1. Which cross-chain or sequence-distant (5 or more) residues have an amide H under 5 Å from the amide H of Y177, H modelled 1.01 Å from N in plane?
2. Quick check: Cα centre of segment 197-238 to Cα centre of segment 31-77, how many Å?
3. Distance in nm between label sites at E89 and H152, each 7 Å beyond Cα in the beta-carbon direction?
4. Tally Lys/Arg at +1 and Asp/Glu at -1 over every other residue whose Cβ is under 11 Å from the Cβ of A94; what's the total?
5. Could you give the nm distance between label points at E145 and E227, where each point is 7 Å from its Cα heading toward the beta carbon?
6. Taking K and R as +1 and D and E as -1, what net charge do the other residues with C-beta under 11 Å from the C-beta of H183 add up to?
7. With the chain treated as a Gaussian network of Cα nodes joined by springs under 10 Å, which of G131, G34, G19 yields the largest mean-square fluctuation?
8. Could you identify which residue out of A148, A110, A88 has the top mean-square fluctuation in a GNM of the chain using Cα springs shorter than 10 Å?
Amino acid sequence: MLNVTDSMDGALLVDKPTGMTSHDVVDRLRRHLGIKKVGHCGTLDPAATGLLIIVLGRGTKLSELLMASDKVYGGVMKFGEETSTYDAEGELVASLPVPPMTLEELNELAGGFVGDTMQTPPMVSAVKVKGVPLYKLARKGLEVEREARLVHVYSFRFTSYVEPRGEFRLACTKGTYVRSIAHDLGAKIGCGAHLATLRRLDSGKFSISEATPLADLLSMNVKQVEERVVPFSKLVQA
């Protein structure tokens, strides 16, 4: 465990690996740095990778401000297969033939998701109903009514398509479930779809290009980690 000075007040821009929850990342860094006040801004599913803003010390006071920022994602959607979780982690619930589609036709359909929309959170999510996370209810085989929430998609475009996979880039407001968009797009086409991979590229004014892989941070000494902390004063301007 490292001895950390007050200069740790701020945020670390972490490139989260696949297979870890956002809380796992917080826990690893808390133990490695030896500080209690550590949090994250904007949950990434275990299978997702990319930019995760970790706040430290006084930086935790700005969690809500940073979480409110718009997000940009990149990833792959697989058509012809629906899953229980709307992503590759769930069980296959339907398999249907994929109709012939060009990249242009796919983008025309994707364009229909741009703008304001009311989105219902998937059952396998951290949203709470009467204090219980939906994913805990889903594990028991239960499905409950969920309240739709207003989200906004700024842009949604596929950069390549080779059946049955399409690579995309999407910009949206906080709280948008990209896997729900994949599911809904598949339903719109009539063949089903799920989110195969997801990577967060931007959160507010911060980019994945500025982030450090978690494994690298965990191998650094205190001085090296401090050099990568975005100071509290800069976060206030974010």
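None of the figures in this text is laboratory data; all of them are computed from the coordinates on show. This structure is a prediction, so every number in the text was calculated from the model and none was measured. In this analysis, Cβ positions are derived from the backbone assuming ideal geometry, glycine residues included, and neighbour counts consider all displayed protein chains.
1. Residues meeting the criterion, in which the H sits 1.01 Å from N, do not exist here.
2. 9 Å
3. 2.9 nm
4. Residues near A94 contribute -3 overall.
5. 5.7 nm
6. Details: positive: R179, K188; negative: E81, E82, D87, D184.
Net of charged neighbours comes to -2.
7. Ranking G131, G34, G19 by mean-square fluctuation puts G131 first.
8. Its mean-square fluctuation being the largest, the pick is A148.
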